[in-house]
Amino acid sequence: MKFIERFVRIGLIAMIALSFYLTYLIWLSPANRDPGDVKEITSAELQKEKASKAASDIFLPLRLTAINGEEIRESNTENLVKKIQLELGKAKYGEAKLETFPNEEAFNEKNRLEEGIEMTYVANVPLTVYLDTFQLDIPISESIQDTNFFRIQLNYRENKIRFLNWSKRTILEAPITTSLSAIQEIVENNRSWVPVARDEMLSSYQYYTTESIKLPLYSYISSMRPYTVFRDSFFTDPKNVRSNDGSANLHLYDGSESMIIQQNQQQVDFRGILKTDDHFNVYPASYEYIRGLGTNYGSLRLFDQVNRMIDYRIFVEGFPVFGNQGEGRMTAQFSDNGQEHLQNIEIRANLSTIQVPIPSEKEVELPPSHDVIEQLYLMGADADKLQRILVGYSWKNLQDTGVVDLEPNWYVQYENKWYLSSDLFSRLQESEGSSNGF
C-alpha cells in the first residue's frame, strides 16, 4: 500500500508540474508577446551565431577597371577585387576632402583617369559603410561623413583615392601615403580581362565593349532550400517560432515577426520591426538579417539599391543572376513604422538556389554593349532614363529535370529597373505608337 501511495503522490506532483508548464505555453510563450517586442540586435551570443557571412564578401564592388591611357580593360573576377580591397585596408591615408562641382563638364574633367584602376558599384554606397566593411582608415571630418558614392578611383600618378558620385557631382579625395606597387602587381598578374572603351557621347561614366564577347553557359543542379534556413537567419529567436500550416502556405510567427512560405510559388516573405537610432542605415540593417544564411543561398552579394530597398543577388563567376520568378534575388525593403526609432522591414526571397555545377563547354556570343546602347537610342530610349548596361546570367529552369541553365545576356537599367536588353527593345517598340509612352 505504501508503494501505491508513493506512486500516486509522484503522479500528482508530475500532473501539477505539467499544469504549470501548459499555463506557461498558453499565457507566457513568445507567440503571445506584445507586438511591441521588436527586434533589437544587442545579444553578443546571437551576433556570434549569425556571423557566418562576412560583410566584406556581401558588399564587394561589382567589377574592376584597369586604365592605362586609351588601353582600358575590365574584370569581374571576385578574387581580384578581394585582393585589391585587402591591400587598400593596409594602406595609409591623409585627410579626405570633399569637392562639389557646378556642372557635369567640370565634374568629368576632374574624374577622368589616365593611369590607375576603378572599382564600381551599381548601388549608391555610404562611405562610412564601405570604410568600416573593408577597414580603410581614412581621416574624414564629421561634416562629410554622410557622403555616398558609386565608384572608387585609384590614381597611380597622383597616389590618391577618390570616391565619385555622379548624381550629386561630388568627389571625395584623399592622398595615399604608402606605395601602390603591390596593387599594381596584383592587377598586372590578373589574366581575365575584357577590352572596353570610352564613348562620352553615350555616357560619361560607362565603359563599353566595342567587339563581341564570348562567355560560358553554366548548368547547375538546383534545389529548394528548406524554410528553416530563412527562419534561423531572419527571426530574432528562431527556437521559439510557432507555425501554422493549415493552408497551402506555411505561416511562421513570433511576436512582431512573421514569415509566409508560399510553397507553390517557392517564395519567402518575412516581416518584422526593428529598433533603430539616429544613425540608421539600410545597408548594415539588412546585413544583420541575411548574414546568417552563410553559403546556404549561394554567393549572395549586394547588387542594387533604390530609395529604401536593397537588392541582393546570387553571383556566378562575378556576374549577377536574374530570374523571371525572382530566382537568385533577395530584397530588403524598409519603411517608417510611425513610432520613433522603429522601422518596418520586409524581406522577399525565392526558395530555389543553385547547388552542383554540371560540366559544360557551351559558349554564348554577346554583341558589343556599345551597339546595344546605340540601338536602344535609335528605338527611342530616353538618355536621362537609360542608366547602365552590364552582363547578367538569365536563370532558365529545364522542365522536370532539376537542372538550371544560366545564360549570359546584356541587362540594362532603365528608370531604376533592370531589363533584359531584348525585353527593353520590345517595350520601346510597343511604346512608339502609344500616347502614354514608356
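Tabulated data for the structure shown
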{"quantity": "Criterion: among the hydroxyl-bearing types (Ser, Thr, Tyr), farther than 20 Å from Asp311 by Cβ and open to solvent by less than 80 Å² (accessible area, probe 1.4 Å) - qualifying residue of Ser352, Ser360", "calculated": "Ser360"}
{"quantity": "Pairs, first under 15 Å from Ser222 (Cα atoms) in the range 342-371, second open to solvent by less than 50 Å² (accessible area, probe 1.4 Å) and part of a strand (DSSP E or B), C-beta under 6 Å, six or more apart", "calculated": "Ser352/Ser222; Ile354/Tyr220; Ile354/Ser222; Ile354/Val404; Gln355/Ser223; Pro357/Tyr220; Ile358/Ser219"}
{"quantity": "From the options Glu257, Glu288, residue that is within 14 Å of the chain's Cα centre (by Cα), closer than 15 Å to Asp237 by Cα, in contact (Cβ under 8 Å) with a residue 24 or more places away in the chain and open to solvent by less than 60 Å² (accessible area, probe 1.4 Å)", "calculated": "Glu288"}
{"quantity": "Residues located in the range 175-193, provided they are crowded, with 19+ Cβ neighbours inside 10 Å and not in a helix (DSSP H, G or I)", "calculated": "Ile176, Leu180"}
{"quantity": "1 or more residues modelled with pLDDT of 95 or more and of a type outside the set (S, T, N, Q): qualifying strands (runs of 3 or more DSSP E) within the range 305-360", "calculated": "309-316, 319-322, 329-336, 342-350"}
{"quantity": "Looking only at the range 365-393, and only at residues there that are polar (S, T, N, Q) and open to solvent by 10 Å² or more (accessible area, probe 1.4 Å), the one that is modelled with the highest pLDDT", "calculated": "Gln375"}
{"quantity": "Criterion violated by Ser426 - all others in (1) more than 19 Å from Arg329 (Cα to Cα); (2) assigned to a strand (DSSP E or B) satisfied", "calculated": "(2)"}
{"quantity": "The range 152-174: number of residues that are among the hydrophobic types (A, V, I, L, M, F, W, C) and open to solvent by 10 Å² or more (accessible area, probe 1.4 Å)", "calculated": "1"}
{"quantity": "Residues that are under 17 Å from Ile347 (Cβ atoms) and either open to solvent by 30 Å² or more (accessible area, probe 1.4 Å) or assigned to a loop (DSSP other than H, G, I, E, B) (or both), drawn from the range 221-236", "calculated": "Arg225, Pro226, Tyr227, Thr228, Arg231, Asp232, Phe235, Thr236"}
{"quantity": "Filter pass, Leu390 being in contact (Cβ under 8 Å) with a residue 12 or more places away in the chain and farther than 22 Å from Gln355 by Cα", "calculated": "yes"}
{"quantity": "The listed residue being crowded, with 17+ Cβ neighbours inside 10 Å and of a type outside the set (S, T, N, Q), out of Gly318, Gly294, Gly338", "calculated": "Gly318"}
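The values are calculated or read from the model by the stated rules, or taken from the named source; none is laboratory data. As the structure is a prediction and not an experimental result, all values here were calculated from the model. With ideal geometry, Cβ positions are generated from the backbone for all residues, glycine too; neighbour counts draw on all protein chains shown. Only protein heavy atoms, including side chains, enter the accessible area calculation; ligands, DNA and RNA are left aside. Shrake-Rupley method; radii C 1.70, N 1.55, O 1.52, S 1.80 Å.
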